Amino acid sequence: MLLDTLASVARACDPARDEIILVDNASRDDSLARVAERYPIVRTIRNNCNNGFARACNQAIARAQGDYMLLLNNDARPAPDVPNLLEAAFRRFPRAAVVAGQLVDAAGRPQRSAGRIPTALDELGLGFLRRAPRVPTVDGLGEVESVVGACMAVRRAAIEATGPLDGEFFFYFEDTEWCQRLRRHGWQILLEPAARVTHLKGASTRGKRHGAQIEALRSRLIFYRKTMRAPLAWFLTGYRVLRLSINAATNLLAMLLTLGLHARLREMTVVYFLQLAWLLLGRPDSWGLPDKCPHGYAGAPS
């Protein structure tokens, strides 16, 4: 998957003006050797543990030299014209901090590439009460609240003004919090639908569903704390725990009534009770996705 993505990146890059930085979060196969053999132009940062998405991106941002940086998942493959389209958007809109492309699946069907930043109403299931924001467009370019971080280009000046991704988020919500922070500082978040990026959604966490669900809950609670006033953050955290408890109880009852024969019910019951156990045990850092770096890990030499 990584080699296929790098092949797409190589076709989209101009070696005379672009640089490619790969951050390896402690892979256990021969992927780095194969990358070095096929793509010697790639600069590699090797971590001794899984440093998470945000901190790994920040490692690359610290090494990058350009005015614009394209943050790309290893399961996202940009079309050859994507870098030029995103750079053109930055030049046309001097207050654009982030420009993302349109994500599509392997068959070319559009995926969700942008969305609204969650509010308390959304988290309480009352998002329909929010007035839908008007999305201004200029020649197809649309201003949005936040984008999906699988492929997003960022202006260096905006990073220097507002800070990089928040490394407290290990996985999930880091892109949403960043977009909110940038918007609060007066920057724009744009979506360029002409920039097509094939995205194998969920490939990075396939086979790790239980750990990914814990990371999603952990990041959601961090998002409350980072972006909302303390009383509201505590209220939403309590509501999330209550909702999780109800879901766990109702799924357990349904599973018992069906004698455990329904695979989906069994799976969801396990997920809900694992999340509850994580909360009751004090949200241990070790739970979630595997091989995580300790907080404060600065990264191994490249």
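Derivation of every value follows stated rules applied to the coordinates shown; laboratory data play no part. Quick caveat: nothing in here was measured; it's all calculated off a predicted structure. With ideal geometry, Cβ positions are generated from the backbone for all residues, glycine too; neighbour counts draw on all protein chains shown.
Show me, bin by bin at 10 Å from 0, the whole-percent P(r) of segment 1-77 based on Cα pairs.
17, 57, 25, 1
Collect residues whose amide H, placed 1.01 Å from N in the peptide plane, falls under 5 Å from the amide H of Leu289; neighbours closer than 5 in sequence don't count.
Amide H neighbours of Leu289, under 5 Å, 5+ apart: Glu215.
Given 37 °C and 0.692 mPa s, how large is the Stokes-Einstein diffusion coefficient of the chain in µm²/s, with Rh as the Kirkwood radius over Cα pairs?
Numbers: Rh = 20.8 Å.
The calculation lands on 158 µm²/s.
Based on the Cβ-Cβ distance of Asp30 and Ala106, what FRET efficiency does E = 1/(1 + (r/R0)^6) give at R0 = 30 Å, to the nearest 0.05? Numbers along the way, then the final one.
Details: r = 25 Å, r/R0 = 0.83.
E(calc), rounded to 0.05, equals 0.75.
With 10 angstrom as the radius, rank Cys57, Cys49, Cys293, Cys13 by how many other C-beta atoms surround their C-beta, starting from the fewest. Present the calculation step by step, with values, prior to reporting the outcome.
Values: Cys57 26, Cys49 15, Cys293 21, Cys13 18.
Listing Cys57, Cys49, Cys293, Cys13 from fewest to most nearby Cβ atoms yields Cys49, Cys13, Cys293, Cys57.
Give the angle, between 0 and 90 degrees and rounded to the nearest 10, that separates the Cα long axis of helix 230-257 from the longest principal axis of the Cα atoms of the chain.
60 degrees
Please list, or write none, the lysines whose alpha carbon is within less than 16 Å of the alpha carbon of Lys292, excluding same-chain residues fewer than 8 places away.
Lys208
Label Ala249 and Val270 with points 7 Å out from Cα along Cα→Cβ: what is the distance between them in nm?
2.4 nm
Expressed in nm², what is the orientationally averaged projection area of the convex hull enclosing the Cα positions of segment 209-280? Provide the component values of the computation, followed by the final result.
Details: hull surface 19.0 nm².
For segment 209-280, averaging the hull's shadow over all directions gives 4.8 nm².
To the nearest 10 degrees, how steeply does helix 209-227 sit against the main Cα axis of the chain, on a 0 to 90 scale?
Approximately 80 degrees, to the nearest ten.
I want to verify a result. In a Gaussian network model of the chain, Cα cutoff 10 Å, which of these has the top mean-square fluctuation: Ala96, Ala249, Ala33?
The residue that fluctuates most here is Ala33.
Using only the alpha-carbon atoms, how far is helix 53-63 inclined from the longest principal axis of the chain? Give it as 0 to 90 degrees, nearest 10.
20 degrees
Could you list which residues have their amide H under 5 Å from that of Thr198, counting only those 5 or more apart in sequence or on another chain, with H placed in the peptide plane?
Arg77, Ala79, Val104
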